[in-house]
Each structure stands twice: as structure tokens, then as C-alpha cells.
Amino acid sequence: MTAQTASLAGLDLRAEIDRLRKERNAVILAHYYQRPEIQDLADYIGDSLELSRKAAATDADVIAFCGVRFMAETAKILSPAKTVILPDMDAGCSLEDSCPPDKFKAFREAHPDHIALTYINCSTEVKALSDVIVTSSSAETILAGIPPEQKIIFGPDRHLGGYLNRKFGRDMLLWPGVCIVHEAFSETELIKLKAQHPGAPVAAHPECPPHIIDHADYVGSTSGILNYARTTPAQTLIVATEPHIIHQMQLAMPDKLFIGAPGADGNCNCNICPYMALNTLEKLYLALRDLTPVVQIEEELRLAAKKSLDAMLALASGTVGLGDLGAR
Ligand code: 13P
Ligand code: SF4
């Protein structure tokens, strides 16, 4: 606990956050991987695509983004007139870290006949160097609309890219990044867990490595997994993604049993995203009170990054093709 958060002892943080949200005309957006207490007071919870759409459409003056930095930056790129605050500016992402813009630029330049289809889990600079951004829930629709002869670079998640290559019979060139959280699931422990719960389906996020995906009955984004949990007739579900999403499942389906897929020793916390966990109720309160840390992006960079995000938002509807967007 810092001196600043210690001084908050005795405050009713939920009531204070509510008061500040009204005073500031703020909307609180939260990702499914946030702590349950943050999910519970958010105005809106969603996956990366839904949160991007919400940020683009909001009429609030302030967006309090409870997620990681690339998500808050996406909100600022799409809604530049809003004040976008992130409770902890250190909330990064291992995929973003794996893809420094200068190296990505060199990779692009080495493959001038390829377009860059890039996962949203990257820096604003890498978005600015890309043609089309995808999220885990929009990637399949967008890729299905790109002609098979078009050469593609896919980064930074090699597991999501590999999953798409296998599913669509493509040979996209993959950037070698991974999510440290999804990388930590253990196949051996998953097989043991499945044996203990015969018939329980496995729902996995496409950031998982192939040896986990091979055991999955459903593969999709966080919203997709939540929807699968709602629609499967199974009473027990094994969930191979960050375990804080189970909070929403338990709220919506209190009679079903949701079990987080295990990590290496079968009982570690290695599947909790350490970046998402940096946001706390205390830090959210302070951010709303002081309007800091605030996301700032230089305008030329923002406009360059916005092109690839706008391309995603247009293509994700499935009604517009790559050709309709014109050459970049
Ligand atoms: P979703 O787009 O599925 O919410 O995924 C975001 C993410 O960071 C997964 O690790
Ligand atoms: Fe990044 Fe993985 Fe955390 Fe998602 S779960 S924010 S991909 S480190």
C-alpha cells in the first residue's frame, strides 16, 4: 500500500467513485479480466472490440478505462475530445512489449508485398504502421474477407495468428509474440482436470498455444466464451482464459460450475494477468478525483493509428471488403 492509498482508509470508495462519475460525466469501461469489484461498478463490461465501439460512441466527457494501456489508448484514438484516464499507467501487455515499433517497421519493410493485419494488443506506434487492426472477436470475419492470394503479416500474437492460419488454411507470416498468461496453461494438468470432470467442455481464448486449443470445444474472444457458457447445455465448463471472467459467468449462471484451466503446478496464480491486476478500486477513485493518469497521444500519430482501427470497425461488420477501403 502506498502512502496515498493508505490515506484513503475509511473512505467509502464505491460511493465516492459513484459521486465522481456523476460530477465528471464519466463512463467507466471495464474489461472482463478486471477484478470483480471493478467489474461490479463499471457502466459497461466487454471484450476489446465492444469496448472500442463503446469508447467511439460515448457522449461522456471522461472515459475511465479499467483495462490495459493499449485499450485506453484505443479509446483515446477513437475519441480524441474525451479525457481518457487509466487507473495505472503501468498496465501494459506482454504482446505489446514483444513488438517494438522499430523492429516491426523493419519487418514490414522486408516484406513490401504483404499487408499488416495486427492484433489490437500492440502500441499506438505499431497500429500506425499497420493496415488493419483485429481483435479476437473480429479477426475471423476480417480475415475471411481478405482474398486468399493477398500476402499478410500477422503480429504480435503468434498463437492467435497460428490458430487463424490453421482454421482458414492461410500462411500469414507470424510475429513471434505471446501472451504470458495464456502461455502458462498446462496441457498435462488440463488433461487431468478433464478426466476429473468427464463431459465438461473446454472453452479457450485463441491466445492459448495449440496444445491447449487442441482440447477446446469452443475457441473465441472473452465475449464469445461468455456467450458459449450461456448457451452450452453443460452444467460444468472448463475455462482456458484469464480467470476473472468467471465472475461474470457466476453472476449470470449461479447454478453452473466454472473451473479455470490450470497452470503448470495445477494450482498457481500464473493465469491472472499481472497487468490487468494493477488497476484497483483505490487507483480508480484517485484517477477520477485527480483526472490522472491521463492518456495523451500526439495528433499525427493518433491519425495514423486511427486509419487501421477505422478499417477494423468497418470490416468487422462483414458488409465492407478490404477493396472498399482503398489503398493506404
Ligand atoms: P478479448 O478481445 O477477447 O477481450 O481479449 C483481450 C485480451 O487481452 C485477451 O488476453
Ligand atoms: Fe496482454 Fe495477456 Fe494480459 Fe491480455 S491477458 S492484456 S494479452 S498479457
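Each of Asp113 and Asp59 was given a label point 7 Å from its Cα along the Cα-to-Cβ line. The distance between the two points is 5.1 nm. Given the options Glu73, Glu298, Glu207, state which has the largest fluctuation in a GNM of the chain using a 10 Å cut-off (strictly under) for Cα springs. Greatest mean-square fluctuation among the candidates belongs to Glu298.
These residues, Arg19, Arg230, Arg24, go from largest to smallest accessible area, 1.4 Å probe, as Arg230, Arg19, Arg24. Across the stretch 1-156, the relative contact order, built from alpha-carbon pairs under 8 Å that are at least six residues apart, equals 17 percent. Between Lys22, Lys54, Lys105, the residue with the greatest mean-square fluctuation in the GNM of the chain (Cα pairs under 10 Å linked by springs) is Lys22.
Relative contact order of the chain: 23 percent, from C-alpha pairs under 8 Å at least 6 residues apart in sequence. Of the residues Glu50, Glu23, Glu189, the one that moves most in a GNM of the chain with alpha-carbon contacts below 10 Å is Glu23. Extending 7 Å from the Cα toward the beta-carbon at both Asp18 and Cys270 defines two label points whose distance is 4.2 nm.
Counting only DSSP beta bridges whose two residues both lie in the stretch 125-264, roughly 10 percent are antiparallel.
Pairs with C-alpha atoms separated by more than 19 Å, drawn from the list Lys105/Lys167; Lys103/Lys306; Lys54/Lys167; Lys167/Lys307; Lys76/Lys105; Lys127/Lys307, are Lys105/Lys167; Lys103/Lys306; Lys54/Lys167; Lys167/Lys307; Lys76/Lys105. Note on the chain: antiparallel DSSP beta bridges, both residues inside, total approximately 5 percent of the bridges counted. Sum -39500 (n - 2.57) across every DSSP H segment of at least 4 residues in the chain, then divide by the residue count to get the 222 nm mean residue ellipticity, nearest 500. Computed mean residue ellipticity for the chain: -11500 deg cm²/dmol. Label-to-label distance, Asn25 versus Ala252, with points set 7 angstrom from Cα along the beta-carbon direction: 3.2 nm.
The values are calculated or read from the model by the stated rules, or taken from the named source; none is laboratory data. Everything numeric in this text was worked out from a predicted model, so none of it was measured. Note that we place each Cβ from the backbone using ideal geometry, even for glycine, and neighbour counts take in every protein chain shown. Just so you know, the surface numbers come from the protein's heavy atoms only, side chains and all, with ligands and any DNA or RNA stripped out. Shrake-Rupley method; radii C 1.70, N 1.55, O 1.52, S 1.80 Å.
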